[in-house]
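Student: Here you go, one structure.
The values are calculated or read from the model by the stated rules, or taken from the named source; none is laboratory data. Not measured: the values here are computed from a predicted model. No Cβ is skipped: glycine too gets one built from the backbone with ideal geometry, and neighbour counts run over all protein chains shown. The area values use the complete protein model at the heavy-atom level, side chains included, leaving out ligands, DNA and RNA. Shrake-Rupley method; radii C 1.70, N 1.55, O 1.52, S 1.80 Å.
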Protein chains: 2
Amino acid sequence: MSVQGTAGDLHGVVENRLRQADQRYTAGRRAIISLLVSAGHPVSIGDIADRLPGVPRSSAYRHLTDLEAAGIVRRVTANDEFTRFELAEDLTGHHHHLLCLSCGKVIDVTLPAAVEHDVTAAIGQLAGAESFQAHSHRLDILGLCADCR
Amino acid sequence: MSVQGTAGDLHGVVENRLRQADQRYTAGRRAIISLLVSAGHPVSIGDIADRLPGVPRSSAYRHLTDLEAAGIVRRVTANDEFTRFELAEDLTGHHHHLLCLSCGKVIDVTLPAAVEHDVTAAIGQLAGAESFQAHSHRLDILGLCADCR
DNA sequence: TTTGCATTGAGACCCAGTCTCAGACTATGT
DNA sequence: ACATAGTCTGAGACTGGGTCTCAATGCAAA
């Protein structure tokens with residue numbers, strides 16, 4: 001289901017999606033995508049400011065908003081932390097998060113396929129009962145990471 | 001597992017928990033708890049300001065922070081919306097949320113017990129593999145409510 | 001009633017995130 | 001090569017949710 005392969009493939013996919021949204025794959029956007037890929041976990045605006053000092057804050061927000069609208073990145077909101085961003089699920093595969101309540105660290109994890117399947121089926125039923133149109137779901141596990149426990 | 005019963009029981013439980021945290025169950029806090037109980041769904045600061053005009057914003061935040069620290073209320077963060085608050089799970093029972101991406105509405109739902117059990121077991125395994133100490137989990141279903149779809 | 005401590009209201013303050021606008025860049029037509 | 005139109009970018013002002021401070025008040029125990 002997910003689009004995986006070399007980094008070159010991924011940049012091509014990103015470029016195509018931006019094209020479909022009438023947008024260009026410029027240096028600033030490429031820098032942010034490369035950062036998200038190399039990080040391998042959700043990244044905050046602060047991380048981006050640290051690692052990409054040449055990209056101003058307003059541009060970073062704009063890029064991320066545009067990339068989100070084009071279905072390339074996704075927002076991750078921890079409990080009361082600031083927003084983080086990661087590559088969209090269809091570029092990386094469906095997964096969930098371990099969120100450390102102490103340091104804010106985010107670790108990606110994947111449920112066993114059978115459990116994920118049951119959850120998805122249950123969500124379909126619950127949503128149907130409320131006439132709710134479900135687009136996606138997120139399962140976040142809150143606790144303390146190995147460093148903070 | 002959940003502490004349920006009459007409203008009187010609940011206020012007693014709240015009072016005891018505050019006592020254990022060396023805090024009093026004062027009029028402002030009681031007003032907020034009553035609002036959370038009567039609302040029956042997560043409530044935003046804006047809702048509190050509307051329904052409890054006598055409670056200033058700074059006091060409302062302080063009360064909610066204190067109540068959260070005492071394990072009486074819980075924060076619910078929608079995708080990029082502002083924070084909402086609800087009674088802690090052990091006062092209302094474990095449940096999950098349908099979050100409307102358009103209007104921000106939150107609907108409480110409960111997974112079938114068998115699915116919930118499998119999810120909890122899977123979380124235990126995933127957390128263990130990462131040396132992560134899991135305290136709780138949240139499953140949010142994102143989409144459009146009946147009014148917005 | 002006094003003393004000590006928790007609680008409260010009012011408002012200044014902070015800062016993540018948004019908005020605006022002028023200038024730079026890029027693609028395409030001539 | 002030049003012009004033109006439209007997109008993209010940087011800089012900074014602005015917004016508003018959330019926090020912090022501090023003086024005043026309320027409550028409990030002696």
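Student: Among residues belonging to the stretch A:38-53 that are away from DNA strand D (no atom under 12 Å from the Cβ) and open to solvent by 70 Å² or more (accessible area, probe 1.4 Å), point out the one that is nearest to the other protein chains (Cβ to nearest Cβ).
Tutor: A:His41
Student: Looking at the stretch A:57-64, can you tell me whether even one residue there is closer than 29 Å to A:Ala146 by Cα and more than 9 Å from every other protein chain (Cβ to nearest Cβ)? Full working, then the answer.
Tutor: Within the stretch A:57-64, the subset closer than 29 Å to A:Ala146 by Cα is none.
No: the stretch A:57-64 contains no residue that is closer than 29 Å to A:Ala146 by Cα and more than 9 Å from every other protein chain (Cβ to nearest Cβ).
Student: Could you pull out the residue among B:Ala134, B:Ala121 that is open to solvent by 50 Å² or more (accessible area, probe 1.4 Å), within 10 Å of chain A (Cβ to nearest Cβ) and either at negative phi or assigned to a loop (DSSP other than H, G, I, E, B) (or both)? Walk me through how you get there before you give the answer.
Tutor: Numbers: B:Ala134 fails: open to solvent by 50 Å² or more (accessible area, probe 1.4 Å).
The match here is B:Ala121.
Student: Is it the case that the stretch B:13-31 has a residue that's under 15 Å from the mean Cα position of the chain (by Cα), open to solvent by 50 Å² or more (accessible area, probe 1.4 Å) and within 12 Å of DNA strand D (Cβ to nearest atom)?
Tutor: no
Student: Among the listed residues B:Val115, B:Val55, which satisfies the condition of being assigned by TED's automatic domain parsing to the domain that holds B:Asp9 and outside any strand (DSSP E or B)?
Tutor: Going through B:Val115, B:Val55 in turn, just one is assigned by TED's automatic domain parsing to the domain that holds B:Asp9 and outside any strand (DSSP E or B): B:Val55.
Listed here are the residues, each with its yes/no results for (1) out of contact with any Ser or Thr (no Cβ under 8 Å at 6 or more places or on another chain); (2) closer than 22 Å to B:Ala129 by Cβ.
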{"residue": "A:Val73", "(1), (2)": "yes, no"}
{"residue": "A:Val76", "(1), (2)": "no, yes"}
{"residue": "A:Leu91", "(1), (2)": "no, no"}
{"residue": "A:Asp118", "(1), (2)": "yes, yes"}
{"residue": "A:Gly143", "(1), (2)": "no, yes"}
